[in-house]
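Only one structure is covered here, and it is reproduced in the block below.
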Amino acid sequence: MELRGITKRFPGVVANHDIDITIHRGTVHALVGENGAGKSTLMKILYGMQKPDEGTISIDGEQVSFHSPADAIARNIGMVHQHFMLADNLTVLENIVLGGEKLHGISGKARAEILKISDRYGLGVRPDVLVEDLGVADRQRVEILKVLYRGARTLILDEPTAVLVPQEVDALFDNLRELKAEGLTVIFISHKLGEVLSVADDITVIRRGTTVASVVPSETTPKQLAELMVGSELPSPQTRESTVTDVEMLKVEGLRLTTADAEGIERTVLDDVSLTIHKGEVLGIAGVEGNGQAELVEAIMGMRDPDGGTITLDGIDISHLPTRTRREDGIGYIPEDRHRHGLLLEAPLWENRILGHVTEKPNAKGRLLDLKAARADTERIVAEYDVRTPGIEVTAASLSGGNQQKLIVGREMSHHPNLLIAAHPTRGVDVGAQAQIWDQIREARREGLAVLLISADLDELIGLSDTLRVMYRGRLVADADPATITPEELGSAMTGAASGHLTHSDNGPAADPEPRSSQEGESE
């Protein structure tokens, strides 16, 4: 596959400028660059979602022109987007066959083919589960299966490891090597440079919308890649400076929550969860996707009603207060899924800056919105957090995923919260922006901010946390010392394995019920 002179302009910005890339059949080709560098736009062009203003695309020596994703699919190209394209109210089977009904319809034959592909690549997908009941990692597996079901021979994966723990990343990379061995081609977009170097055959670096280098993994390092991307060294989250006080900011006691799955079977997702976070403390929660972290966050935010237990913020019981009141009482929130819970995609940036803070300064003056002040503060956030945008009147949907994340982080930190609930705060951002967000959290922590940190980046968890706890099957089962534990040991603990650097939490290890499927968050 050859892309030559690809250029794409949008009002006020040139997303791609004269890009040249050659991708060889049967290889894993990585595409790296900072947020807003134009990677996703380029892949949308290759997938037929957008047309280039200039340039050509050739496949196996034949020049092609795609007018829609259907044209790309017909040439055996499939794409798994950073933000998934699934219908929550449909089942896994319905989502997979949607738009491809001519293959097998919604029939026993389609179900058999889905299960066959799922088993072949170890995806563990259940056809009859509603997508809305799946976690982020499981939605990704559905997306991968969806493109394989359509016969894709070239797979575009946009940030596929953002929500995975090391064991899951290893399993995904094994799958990619299997695909490559069968002659399939993978285009792999990632900000995790160590992973890129471990799985890619070739790497193309994009900066400010144009290609700046093509390198071979064996001849480069993460530091060199970072310098090519953003002109600076690869940052580290490591910090052992302690700012923890003895003032309790958040206290959760005996939190319990049950929920029913698509088959109406009830299961316990939070089982007697208790934790305390002090002013100036970062409490990190490690766990494989689906073990209760998301439900814990939503219960603290008032988005779910627990079956029992209490939540106390700065000495006040907030267990039965609405989400808006909790926000006004000083809780900042960086959500796991920025599209579902963090942004109004079709609203301009200044409206998204107000979101969740409509009653607070500078957004409000008395009982009225102060739109002039809100716009001015949005300009400040855009400049301070380096949100790459032609202006604050463009919609949030027009930003890259990393720039959307920077806008959310800037919005939440601007209100100087007492407690920050940070679920994957650096997901999808480049190494430079990642370092900036780490610095913002550290600085606020020094000033007394309490942080509940959920992250799939184990280096981030270990480096930023003062206290580190492991969540498994809805319980906090062990404590780890961030100063001594390694990412590999922490990853093993997240799947239930013991480690010498772990101690059991007071509520003890979780009982060992019937094994749950990977859709419920447990590694094989």
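The values are calculated or read from the model by the stated rules, or taken from the named source; none is laboratory data. No experiment lies behind these values; they were computed from the predicted model shown. Cβ placement follows ideal geometry from the backbone for every residue including glycine, while neighbour counts extend to all protein chains displayed. The protein model used for the area step is the full one, side chains on, heavy atoms only, and it has no ligands, DNA or RNA in it. Shrake-Rupley method; radii C 1.70, N 1.55, O 1.52, S 1.80 Å.
Arrange the peptides 445-452, 318-325, 169-176 so that the one whose residues have, on average, the most other Cβ atoms within 10 Å appears first.
For the peptides 445-452, 318-325, 169-176, the packing ranking is 445-452, 169-176, 318-325.
Cross-link partners among aspartates and glutamates for LYS116, C-alpha distance below 20 Å, same-chain residues fewer than 8 apart left out?
Candidates past the 8-residue exclusion: GLU94, GLU101, ASP128, ASP138, GLU143, ASP174, GLU178, GLU182, GLU524.
So, in nm, how far is label ASP329 from label GLU393 when the simple model puts each one 7 Å beyond its Cα toward the Cβ?
Output for this residue pair reads 4.1 nm.
Compute the accessible area per residue over segment 316-411, keeping the other protein chains in place, probe 1.4 Å, unit Å².
Working: 4450 Å² over 96 residues.
Computed with neighbouring chains in place, this is 46 Å² per residue.
Pairs LYS192/LYS361; LYS251/LYS365; LYS39/LYS180: which are spaced more than 26 Å apart, C-alpha to C-alpha? It would help to have the intermediate numbers written out before the result.
Working: LYS192/LYS361 37 Å; LYS251/LYS365 33 Å; LYS39/LYS180 22 Å.
In this structure, LYS192/LYS361; LYS251/LYS365 exceed 26 Å between Cα atoms.
ILE277: net charge of surrounding residues, Cβ under 10 Å, Lys/Arg +1, Asp/Glu -1, itself excluded?
-1
Net charge within 13 Å of LEU250 by Cβ-Cβ distance, Lys/Arg positive one each and Asp/Glu negative one each, not counting LEU250 itself?
Residues near LEU250 contribute -3 overall.
From largest accessible area down, sort MET85, MET413, MET303; use a 1.4 Å probe on the protein chains. Please report the intermediate quantities before stating the final value.
Working: MET85 100, MET413 20, MET303 75 Å².
From most accessible down to least: MET85, MET303, MET413.
Would you mind checking which residues have amide H under 5 Å from LEU134's amide H? H placed 1.01 Å from N; only 5 or more apart, or other chain.
Distant-sequence amide H within range of LEU134: zero hits.
How large is the helix-only mean residue ellipticity at 222 nm for the chain, computed as the sum of -39500 (n - 2.57) over DSSP H runs with n ≥ 4, divided by its residue count, in deg cm²/dmol to the nearest 500?
-9000 deg cm²/dmol
Taking every eigenvalue of the Cα gyration tensor of segment 2-230, multiplying by 5 and rooting it, what semi-axes result, largest first, whole Å?
Gyration-tensor ellipsoid for segment 2-230: 29, 21, 16 Å.
Which aspartates and glutamates have a Cα lying under 15 Å from the Cα of LYS8, excluding residues fewer than 8 positions away in the same chain?
Straight-line reach from LYS8, under 15 Å: ASP18, ASP20, ASP53, GLU54.
I need the peptides 432-441, 63-72 ranked by packing, meaning the mean over residues of other C-beta atoms within 10 angstrom, with the highest value on top. Mind dumping the intermediate values first?
On the way: 432-441: 20.9, 63-72: 14.6.
Ranked by mean Cβ neighbours within 10 Å, highest first: 432-441, 63-72.
I want to verify the translational diffusion coefficient of the chain in µm²/s; compute it with Stokes-Einstein, Rh as the Kirkwood radius over Cα pairs, at 20 °C and 1.002 mPa s.
On the way: Rh = 24.0 Å.
It diffuses with D of about 89 µm²/s by this estimate.
If you take every residue apart from SER58 with its C-beta less than 14 Å away from the C-beta of SER58, what net charge results, scoring Lys and Arg +1 and Asp and Glu -1?
On the way: positive: ARG4, ARG25, ARG75; negative: GLU2, ASP20, ASP60, GLU62.
The answer is -1.
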